[in-house]
Amino acid sequence: MFKTILQPLIEFYELREPREQIILLFGIPILVTLLFYIAIWQPLQTKNTKLQNTLTQEKSFTEWFEQQNSSLADKATTFDWSSNNLPTVIETTLRENNLNPWKKRIFQNQKEETVITFEEIPYDKLSRWIRILNSQYQVVFRSANFTAVKTQGTIDVKLTLATTHDTSANTQSPFNR
């Protein structure tokens, strides 16, 4: 099988002058190596670098978010929940902080938790809003799911929130479970 494939190539090589044979002998491996680098190696390296950068950003953001969540829990003050409910407080603070353009969905689940989903929300606006919820209204996280997006400085996030007046609320950071 190899003989039938290689035979035309050997004949082509033998018909060349010695000078052309030397050029073919050194040129073909160089050309194959160059094509391998351009077509396979470089794209893989580029993708690997992008993934490593994304992972680094995600870790950095998670650490920052965890730090913000713990510092907010330390600064909490008392809020009267007798005349308010969590969805109302969330909607009001979203409107006051101009976050409605990024809000995709908000609902209250069966455990009296409020679940809110944002798309491509800027980190700084989200952290400011979370700080307000925690310090002024004692809202804590039950869970948080973050997804990196292409736009730098933004994330997709799904938060499950509860109040500290709910005795079953978990006040730990969602990253320490």
Residue 47 - accessible surface, heavy atoms, 1.4 Å probe, Å² rounded to 10: 130 Å²
Need the C-alpha centroid separation for the range 28-42 versus the range 114-157, integer Å. 45 Å
Could you check how many percent of all C-alpha pairs in the range 121-161 are farther apart than 14 Å? 50 percent
Three principal axis extents, largest first, for the C-alpha atoms of the range 1-153, in Å? 96, 28, 25
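With 20 Å as the limit, write out which pairs from 103/150; 50/158; 125/150; 47/103 have Cα-Cα distances beyond it, or answer none. Each step should come with its number before you reach the end.
Details: 103/150 18 Å; 50/158 24 Å; 125/150 18 Å; 47/103 31 Å.
Where the Cα-Cα span goes over 20 Å, the pairs concerned are 50/158; 47/103.
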Interchain or sequence-distant (5+) residues whose placed amide H lies within less than 5 Å of the amide H of residue 143 are 160
Which of 85, 123, 153, positive extreme of dipole for the range 80-166 (C-beta unit charges): 153
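The values are calculated or read from the model by the stated rules, or taken from the named source; none is laboratory data. Not measured: the values here are computed from a predicted model. For neighbour counting, all protein chains shown are included, and Cβ atoms are generated from backbone atoms with ideal geometry for every residue, glycine included. Keep in mind that these areas ignore ligands, DNA and RNA; they rest on the heavy atoms of the full protein, side chains included. Shrake-Rupley method; radii C 1.70, N 1.55, O 1.52, S 1.80 Å.
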